[in-house]
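Enquirer: Handing you this structure, nothing more for now.
The values are calculated or read from the model by the stated rules, or taken from the named source; none is laboratory data. The shown structure was predicted, so the numbers you read here are calculated from the model rather than taken from an experiment. When we count neighbours, we look across all protein chains shown, and the Cβ atoms used for this are built from the backbone with ideal geometry, even at glycine. Side chains are part of the model used for accessible areas, which takes the heavy atoms of the whole protein and leaves out ligands, DNA and RNA. Shrake-Rupley method; radii C 1.70, N 1.55, O 1.52, S 1.80 Å.
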Amino acid sequence: MRTDPSCPRCGRAIHPPNVWTSAWLCDAHGPVAPLRRIRPLGDSTVDLLVKSAEVPVWMPWPLPAGWVVTGFAEAGDDRSGALGIAVALSGPAPLGGVGEMAIVAEDPGIGLGARLAGFDGSDPGSGFDAGPPDAKIRHDGHEIALWSVDGGTERAVYAGEANSCWMWIVFNPADVGVQICELKAVIDLRDHQGGLSRQLPFGAPSPFLASALRPMD
């Protein structure tokens, strides 16, 4: 499978910066933050991700019982830093079997969260937050409001805004979405370097993350 940087919105191969432009370019979406290959799991990966992150590295904490960290993905280059970060987790689904979850922080327009959600475009769409929130999750003493976003996919999707970034929580399959009730709080791993981040339990690599972010051939 191709491991070169790809478009975070569609998975197409992208053109690197050259003498005429400093941007990575997708033939379909123009300038994009390059989606890098999914990194191996481990403490060293967390260290590298935290150092490059320009957006929160969200982690549900405490983790739901039996859930483990199963992957990381990032969009951005050495010049920009990571402008979009996805953390994948897997664990026992409330209705039986194994469920997967991805929690994303990204700058507007990156498109990583929308791609994991299976949506067109790069954001949740206008009016998604018109009514009262469907869920709330705490961070550092504040509540982050989240709305259920129906994109007609087989995934349950929640979206909101935190720290001037989009926050997405994507559950796969859709019935795992009831797990949102078990998520009480998140931490930003940038605030816990070398401490709590060393307590993360790692599992087998996420099939959902690998499949949803597979580059186009």
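Enquirer: Using 0.36 nm per residue of separation minus the Cα-Cα distance, give me the extension gain between LEU95 and LEU48 in nm, one decimal.
Expert: Here the answer is 13.4 nm.
Enquirer: Each label point is 7 Å from the Cα along the Cα-to-Cβ direction; what then is the distance between the points at GLU182 and ALA130, in nm?
Expert: Simple spin-label model gives 3.3 nm for this pair.
Enquirer: Working out 0.36 nm times the residue gap between HIS29 and ARG12, then minus their Cα-Cα distance, what length gain in nm do you get to one decimal?
Expert: Once the chain is fully extended between HIS29 and ARG12, it gains 5.2 nm.
Enquirer: What FRET efficiency do you get for ARG214 and ASP150 if R0 is 22 Å and r is their Cβ-Cβ distance, rounded to the nearest 0.05?
Expert: According to the calculation, E is roughly 0.35.
Enquirer: Can you compute 3J(HN,Hα) from phi for each residue in the range 112-128, using the Karplus curve 6.51 cos²θ - 1.76 cosθ + 1.60 with θ = phi - 60°, rounded to whole Hz and x for Gly and Pro?
Expert: 5, x, 4, 5, 5, 6, x, 9, 7, x, 10, 8, x, x, 5, x, 4
Enquirer: Please tell me the relative contact order of the chain in percent, rounded to the nearest whole number, where contacts are Cα pairs under 8 Å and at least six residues apart.
Expert: Rounded, it is 24 percent for the chain.
Enquirer: Turning to a different aspect of this structure: For the chain, what are Rg and Dmax over the alpha carbons, in angstrom?
Expert: 16.3, 54
Enquirer: I would also like to ask the following. Accessible area per residue for the range 77-119 in Å², computed with a 1.4 Å probe and the full protein assembly in place, what is it?
Expert: 30
Enquirer: Whole angstrom only: what separates the Cα centroid of the range 32-107 from the Cα centroid of the range 130-152?
Expert: Spelled out, the Cα-based centre of one part sits 19 Å from the other.
Enquirer: Out of the total accessible area of the range 23-160 (probe 1.4 Å, heavy atoms of protein only), what percent is carbon and sulfur?
Expert: 49
Enquirer: While we're looking at this one, here's another question. How big is the range 93-217 on each of its three principal axes, counting only the C-alpha atoms and giving the largest first in Å?
Expert: Between the extreme Cα coordinates on each principal axis of the range 93-217 lie 39, 34, 33 Å.
Enquirer: In degrees between 0 and 90, to the nearest 10, how far off the longest principal axis of the chain does helix 43-52 point, with axes built from Cα atoms?
Expert: 60
Enquirer: Further, regarding this structure: Name the most mobile residue of VAL19, VAL98, VAL69, meaning the one with the largest mean-square fluctuation, in a Gaussian network model of the chain with Cα contacts below 10 Å.
Expert: Looking only at VAL19, VAL98, VAL69, the biggest GNM fluctuation is shown by VAL19.
Enquirer: Right, here's the next one. Could you derive backbone 3J(HN,Hα) for the range 179-184 from the dihedral phi with the Karplus parameters 6.51, -1.76 and 1.60 (θ = phi - 60°), listing whole Hz in sequence and x where the residue is Gly or Pro?
Expert: Going residue by residue, I get 5, 4, 5, 8, 8, 8 Hz, with x marking Gly and Pro.
Enquirer: Sticking with this structure for a sec: Starting at the first residue of the range 97-106, write each ³J(HN,Hα) from the Karplus equation 6.51 cos²θ - 1.76 cosθ + 1.60 with θ = phi - 60°, in whole Hz, x for Gly and Pro.
Expert: So the Karplus estimates, Gly and Pro as x, are x, 10, x, 10, 9, 10, 10, 10, 10, 7 Hz.
Enquirer: Provide Rg over Rh for the range 117-179; use the alpha carbon set for both Rg and the Kirkwood Rh (inverse mean inverse pair distance).
Expert: My calculation puts Rg/Rh at 0.95.
Enquirer: Given the protein chains as shown and a 1.4 Å probe, how many square angstrom of LYS136 are accessible, to the nearest 10?
Expert: Rounded to the nearest 10, that gives 120 Å².
Enquirer: Please list, ordered by chain and number, the residues whose modelled amide H lies under 5 Å from the amide H of ARG138; skip anything fewer than 5 residues away on the same chain.
Expert: ILE144, ALA185, VAL186
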